[in-house]
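Trainee: First, the structure itself, so that you have it in front of you.
Please treat every number below as a calculation from the coordinates, not as lab data. If you're wondering where the values come from, they're calculated on a predicted model, not measured in any experiment. Methodologically, a virtual Cβ is constructed for each residue, glycine included, from the backbone with ideal geometry; neighbour enumeration extends over all protein chains shown.
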Amino acid sequence: MRDATVYLHFPWCLEKCPYCDFVSYKVDRPAIAHEAYADAVLAELEARVSTLGDSLASRRFISIFVGGGTPSLWASESLGRVLEALRSRLHFIDDPEVTVECNPSSLSEGHARDLRAIGVNRLSVGVQSLDDEDLKYLGRLHDGAGAMNALRAAQTAGFKRVSGDLIYALPVHSAEASLPMAGQLLDLGLTHVSAYQLTIEPGTRFGELAKRGRLPMADEGTSAEAFLALDSYMEGRGLRHYEVSNFAVPGQESVHNTGYWRGLEYLALGCGAYGFWRMEGPGEPAWGVRYLNEKLPESYMQLARTMRDGTGFTAETTGHSTTASTERLDGETLVKERIMLGLRMADGFHVEASEADLLVPVRTPERQRSADKLEQRGRLCAEGERWLVPKSRWLFVDGTAAELF
Amino acid sequence: MSVDPSRIRNFSIIAHIDHGKSTLADRFLELTGAVSNRESREQFLDKMDLERERGITIKAQTVRLDYRAKDGELYQLNLIDTPGHVDFNYEVSRSLSACEGAILVVDSTQGVEAQTLANVYLAIEQGLEVIPVLNKVDLPSSDVDGTKQQIEEIIGLDCSEAVSCSGKTGVGVPAILEQIVALVPPPKGDPEGLLRAIIFDSWYDPYRGAMVLVRVVDGKVRRGDKVRFMATQTDYEVTELGTFRPFAQALDELSAGEVGFISGNIRSVHDTKVGDTVTLAAKPATTPLPGFKDVKPMVFAGIFPTESSEYPALRDALDKLHMNDAALSFEPDSSEALGFGYRCGFLGLLHMEIIQERLEREFDLDLITTAPSVVYDVYTTSDERLRVENPAKLPPPQNIERIEEPIVKLSIHVPPEHVGAVLSLCQERRGVQIDMKFLSNNRVIVLYEIPFNEIIFDFHDRLKSITRGYASMDYEVIGYRPNFLVKVDILVNGDSLDALSIIVHRDKAQVRGRSLAEKLREFVPRQQYEVAIQAAIGGKIIARETVRAMRKDVTAKCYGGDISRKRKLLEKQKEGKKRMKQVGSVEIPQEAFLAILKVDG
């Protein structure tokens, strides 16, 4: 029995944030196609379930993550229908983690109660900052007080597991600027915080400004210091820095995201969603497919209606399914991804466990040589069957991973 | 059956690059029926791709044409193509020695160029009948009278009978063939004498061994004869001989006056040196034909594989090229920065570029080539003379009594309006002016004595750019002179990058050192610590640049779709790393070496 997860994407927002490069479209609230979108996702689910057929029987689903966009805009009845179908069509563990991403501006206590009622047990709230100036710069619709209210509403509605997102390393900030905000979140009783350094992505408004040299940016040294400052602050408050950008009270880590970093499969549904599924037969070295769904909501919904069995996981059938493109991932590529993602976690990358799971050699002589060299330079620790990057060298983990490719 | 020598005409075509030599040769082939229009690929004679692309002839080609002249007689015309570049001066002289005449093709829109002059003088010295021809008269900018006047003034050739032609349209081409018959003297030489044939080209054929192009001067050579190469003192049996028309055609014999090829399972072109005399082993000639010279490389550079595993492949490739190119020398070299490779010697810069391109293109090798160096004469304090062709091998300064560097005589042809720029360029490169003459209203010849070292870097490119392409140049090495030369080393965090060491004049050391360090800085990836890049003479630092430390290299978000994108980035990074060279604790990408090779002098 292999663990797997479900990712469900909701492609609309009330406002497009200038730094965001996810698939999302600005929409007026009344124009959201709640039911039609749910119908499309259900159609896609049926097509994928029948395509995967028997292989689904050997998967045990451990989580659902509803991301976006702003899925808290989605009517809970519509989302509820989808969750219900997922539970009936896929084999879930008891009490799987079901997370919905929320924007403070679209999360009321009532809505939170509705989400609880349809089986959602974890909320991930896009706080980003508690400073009104920051929030304006980031193009957010809420202010600091609004964010705190939304978090309180979630808790009042009965959510035990609430996570807050923060963005740090904003231009004018000192290295310690994010610490008081993180502190406020923890004071409120949050058990999980994701803190991302502001990243300028191409194709976003910030990306365009940066290209023209018009975007003030934090200096690299300061953002490195901010990373280290957050690490020691959060650890001091009893949270574990379990992934480069994630902190949790032990036991409260995100099951779903940890799945990505361990290389688990994720069945993706919805407009613009990325999925990954393994295709090898029993006893064969692993290989898989990463697929991307159609990014335009209207086209997605149309394709989903006519999506046929047997499609969605190969490039040849694109055009007949919601899948817009696929990427074949051979065993060696899967190994690279696991190394890249594993080294980002405090638990590190399990060499032997990966070999056993993928049936692909990880400890090749070349890679072992690179690992030895990295170890000599203090950039990698080999602890039994695991490779891990010492916390002090997390700031350089990308280069470390590349050396092990 | 041998042809009556009075019906043979051996000639070559002298032309500046782009003046239309190959196109004209193609018209000859068509007119004499050697190639039908359909077969005639553009520029038939330039057969290597590289030659076709660069529009220059690297190896000599020959073709035999049957031509029925207006007098009703059938003539055998042997067109001997000559390499068109100063690096191959010696080969040109040998090719010319196989001819009695030469057609001087001058582009009537451009006029006479420096390189043409050198070859024309060579032809005149060797007593060839030089027939001027004005090409490209179909172009509107053609100036036939002006060009004629220039040829008469500069070269002293009578142009009253000169044919105006266009290789492109074919106009005037028949008249040229008639002039060849009428003006080029038939070969002299004794068909009954002892065999003497001059080698003017050779190349390696994987099936036949070395192929030799010869002009028989005296006697005859038949298939089955045992021949001797007089300079190398090696004997071979002729298994095949023949001529190109333009495709190879086997013959039974070649006799006095004729041109053709010989093969005989000859192991390498090192036994078949250009300029050598072929005779019969059984009845050898007493004296070889005059003019043989062993050519020596003038310019040296280190060639290193980017991946050390390609070292054996590089050796094999050089071996193969060497079989075909007696002028290329190579010996194993090692550099702390670049690992194992070869120190290669070339006739000149073009020769070097050609070899480099062929290694990369034909053998698919990824190479790093170090900055070219000339050969220095270094006199040590213990009164030894060392020939140093690799700056890294220069003895420490305290052991050097003096360094002498090769000096060339440089001639540059340039329109008067660009003379000023040319003079300051030569001045800047330590040149000493010898002469300056107005050849005509729009042509000046400038003569300089200038250190060879100063023109092997980027001189030609600079010359072309400051004169908008109107200048042409030619040079010959005239001797060695002492000068204040120093070695500049480049240090990366204190470790010397031996492959980047250069020898320069003391007065230029600082500027060059700084420019090298600045350039290198752009290419050194940031490390987790600060990296110092310094230029030094001995222990003295003359320039310093700093690569700031990298503070972070970590992606913030890595979920679903980010994973592919990030993985691909890291894969690319890893791929790039493979092409890096480790210097101490710092890895330097290959582009750095390539870019530095292009640093302004």
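Trainee: Only helical DSSP H runs with n ≥ 4 go in: add -39500 (n - 2.57) per run for chain B, normalise by residue count and round the 222 nm mean residue ellipticity to 500 deg cm²/dmol. Before the final figure, lay out the partial values.
Mentor: Working: 14 runs with 150 residues, N = 601.
Value at 222 nm, helices only, nearest 500: -7500 deg cm²/dmol.
Trainee: Using only alpha carbon positions, build the gyration tensor of chain B, then give the equivalent ellipsoid semi-axes as the square roots of 5 times its eigenvalues, largest first, whole angstrom. Write out the running numbers ahead of the final one.
Mentor: Numbers: eigenvalues 449, 161, 129 Å².
So the equivalent ellipsoid measures 47, 28, 25 Å along its semi-axes.
Trainee: With +1 on each Lys and Arg Cβ and -1 on each Asp and Glu Cβ, and nothing else charged, work out how big the dipole of chain B is about its Cα centre, in Debye to the nearest 20.
Mentor: On the way: 75 positive and 89 negative charges, 415 e Å.
Computed about the Cα centre, the dipole is about 2000 debye.
Trainee: Another question about this same structure. Amide H neighbours of B:Asp458 under 5 Å, at least 5 residues apart or on other chains, H built in the peptide plane: list them.
Mentor: none
Trainee: Considering the zone a paramagnetic label at B:Asp366 would reach in this model (a point 7 Å from Cα along the Cα-to-Cβ line), which residues of region B:524-544 have amide N under 18 Å from it?
Mentor: B:524-525
Trainee: How high is the relative contact order of chain B, given as a whole-number percent (alpha carbon pairs under 8 Å, six or more residues apart)? Write down the numbers at each step before the final one.
Mentor: Working: 1313 pairs, mean separation 58.1, N = 601.
With pairs under 8 Å counted, the relative contact order is 10 percent.
Trainee: Turning to a different aspect of this structure: Based only on other Cβ atoms within 10 Å, what is the fewest-to-most ordering of B:Ile355, B:Ile103? Show your work: numbers first, answer last.
Mentor: Values: B:Ile355 24, B:Ile103 27.
Placing the least packed residue first, the sequence is B:Ile355, B:Ile103.
Trainee: If R0 is 51 Å, what FRET efficiency do you get for A:Gln368 and B:Ala231 from their C-beta distance, rounded to 0.05? Before the final figure, lay out the partial values.
Mentor: Numbers: r = 57 Å, r/R0 = 1.12.
Once rounded, the FRET efficiency stands at 0.35.
Trainee: Quick one: net charge of A:Ala324's neighbours, Cβ under 13 Å, K/R +1, D/E -1?
Mentor: Details: positive: A:Arg290, A:Lys295; negative: A:Glu44, A:Glu294, A:Glu327.
Result for the local shell: -1.
Trainee: Same structure, new question: Quick one: which residues, 5 or more positions from B:Val408 or on another chain, have an amide H under 5 Å from its amide H? H modelled 1.01 Å from N in the peptide plane, none for Pro or chain starts.
Mentor: Those qualifying (amide H under 5 Å, at least 5 residues apart or on another chain) are B:Ile450, B:Phe452, B:Ile478.
Trainee: Once R0 is set to 45 Å, what does the formula 1/(1 + (r/R0)^6) return for the Cβ-Cβ distance between A:Glu284 and B:Glu587, expressed as a FRET efficiency to the nearest 0.05?
Mentor: Working: r = 38 Å, r/R0 = 0.84.
So, using R0 = 45 Å, E works out to roughly 0.75.
Trainee: Measuring from label point to label point, each 7 Å out along Cα→Cβ, what is the A:Arg328 to B:Arg506 span in nm?
Mentor: The modelled label-to-label distance comes out at 6.8 nm.
Trainee: Continuing with the same structure: Please give the average number of partner chain Cβ atoms lying within 10 Å of the Cβ of each residue in A:267-274, rounded to a whole number. Working shown, then result.
Mentor: Details: counts 0, 2, 0, 0, 0, 1, 2, 6.
If you average over the peptide's residues, the count of other-chain Cβ atoms is 1.
Trainee: Using only atoms on other chains, find how many Cβ atoms lie within 10 Å of each Cβ of peptide A:392-402 and report the average.
Mentor: Details: counts 0, 2, 2, 6, 7, 4, 9, 10, 3, 8, 11.
Neighbouring Cβ atoms belonging to other protein chains average 6 per residue here.
Trainee: For the pair A:Glu46/B:Asp377, report the inter-label distance in nm, with labels modelled 7 Å from Cα in the Cβ direction.
Mentor: 9.5 nm
Trainee: Report, in whole Å, the centroid distance computed from the Cα atoms of region A:386-405 and region B:139-188.
Mentor: So the separation of the two Cα centres works out to 73 Å.
Trainee: Work out from phi, with θ = phi - 60° and the Karplus expression 6.51 cos²θ - 1.76 cosθ + 1.60, the ³J(HN,Hα) of each residue of region B:289-296, listed in order in whole Hz, and give x for Gly and Pro.
Mentor: 5, x, x, 5, 8, 8, 6, 10
Trainee: So which aspartates and glutamates can B:Lys70 reach, going by Cα to Cα under 19 Å and dropping same-chain residues fewer than 8 places off?
Mentor: B:Asp4, B:Glu30, B:Glu161, B:Glu178
Trainee: Could you pull the Rg and Dmax for the protein assembly as shown, using just the Cα atoms, both in Å?
Mentor: Radius of gyration, then largest Cα-Cα span, for the protein assembly as shown: 38.7, 119 Å.
Trainee: Moving to a separate point now. Going highest first, how would you order A:383-391, B:199-207 by mean Cβ packing within 10 Å? Before the final figure, lay out each step's value.
Mentor: Details: A:383-391: 15.4, B:199-207: 18.7.
Descending packing order for the listed peptides: B:199-207, A:383-391.
Trainee: Ok, one more. Quick check: Cα centre of region B:523-565 to Cα centre of region A:93-159, how many Å?
Mentor: Each part's Cα centre sits 41 Å from the other's.
Trainee: If Lys and Arg each add +1 and Asp and Glu each add -1, what is the summed charge of the other residues whose beta carbon sits under 10 Å from the beta carbon of A:Asn121?
Mentor: Details: positive: A:Arg116, A:Arg122, A:Lys160, A:Arg161; negative: A:Asp95, A:Glu97.
Value of the local net charge: +2.
Trainee: Grab the DSSP H runs of chain A that are 4 residues or longer, score each as -39,500 (n - 2.57), total them, divide by all residues and round the 222 nm result to the nearest 500 deg cm²/dmol. It would help to have the intermediate numbers written out before the result.
Mentor: On the way: 14 runs with 152 residues, N = 405.
Per the formula, -11500 deg cm²/dmol.
Trainee: Rounded to the nearest 20 Debye, what is the dipole magnitude of the protein assembly as shown about its Cα centre when Lys and Arg each give +1 and Asp and Glu each give -1 at the C-beta? Present the calculation step by step, with values, prior to reporting the outcome.
Mentor: Numbers: 118 positive and 145 negative charges, 292 e Å.
Computed about the Cα centre, the dipole is about 1400 debye.
Trainee: Okay, moving on. Which whole-Hz couplings ³J(HN,Hα) result when phi for each residue of region A:219-235 is put into the Karplus expression 6.51 cos²θ - 1.76 cosθ + 1.60, θ = phi - 60°, listed in order with x for Gly and Pro?
Mentor: Whole-Hz 3J(HN,Hα) from phi for region A:219-235: 7, 4, x, 5, 5, 5, 5, 4, 4, 5, 5, 4, 4, 6, 4, 5, 4.
Trainee: Averaged over all directions, how much area does the convex hull of the C-alpha atoms of chain A cover when projected, in nm²? List each step's numbers first, then the result.
Mentor: Values: hull surface 78.2 nm².
That works out to 19.5 nm².
Trainee: Where in region A:261-304 does the amide nitrogen come within less than 15 Å of the point 7 Å from the Cα of B:Lys557, taken along Cα to Cβ?
Mentor: Residues A:272-274 qualify, since their backbone N sits under 15 Å from the label point.
Trainee: Among all cysteines in chain A, which have no other cysteine Cβ under 4.7 Å from their own Cβ?
Mentor: A:Cys13, A:Cys102, A:Cys271, A:Cys381
Trainee: Output ³J(HN,Hα) for region B:177-187: one whole-Hz value per residue in order, computed from phi by the Karplus curve 6.51 cos²θ - 1.76 cosθ + 1.60 with θ = phi - 60°, and x for Gly and Pro.
Mentor: 4, 4, 5, 4, 5, 6, 9, 6, x, x, x
Trainee: Still on this model: In a shell of Cβ-Cβ distance under 12 Å around B:Met323, excluding B:Met323 itself, what net charge do Lys and Arg (+1) and Asp and Glu (-1) give? Each step should come with its number before you reach the end.
Mentor: Numbers: positive: B:Arg267, B:Lys320; negative: B:Asp205, B:Asp271, B:Asp316, B:Asp319, B:Asp325.
For residues surrounding B:Met323, the net value is -3.
Trainee: Follow-up question, since we're still on this one. With labels modelled as points extended 7 Å from the Cα through the Cβ direction, what inter-label distance (nm, one decimal) is found for A:Ser88 paired with B:Met436?
Mentor: 9.7 nm
Trainee: Starting from the Cα of B:Lys226, draw a straight line to each of the lysines and keep only those under 28 Å, dropping any in the same chain fewer than 8 residues away.
Mentor: B:Lys59, B:Lys188, B:Lys273, B:Lys283, B:Lys293, B:Lys320
Trainee: Given the C-alpha centroids of region B:218-254 and region A:14-55, what is the distance between them in whole angstrom?
Mentor: Distance between centres, Cα-based: 81 Å.
Trainee: What average number of partner chain Cβ atoms lie no more than 10 Å from the Cβ of the residues making up B:571-577? Working shown, then result.
Mentor: Details: counts 5, 2, 6, 8, 2, 1, 5.
Mean shielding by partner chains, rounded to a whole number: 4.
Trainee: Set the Förster radius R0 to 56 Å, insert the Cβ-Cβ distance between B:Leu386 and B:Glu152 as r into 1/(1 + (r/R0)^6), and round the FRET efficiency to 0.05. It would help to have the intermediate numbers written out before the result.
Mentor: Details: r = 50 Å, r/R0 = 0.89.
The calculated FRET efficiency here is 0.70.
Trainee: On a straight-distance basis, which lysines could pair with A:Lys136 in a cross-link, Cα separation under 23 angstrom, same-chain partners fewer than 8 positions away excluded?
Mentor: Hits, sequence-local ones excluded: A:Lys16, A:Lys26, A:Lys211, B:Lys557.
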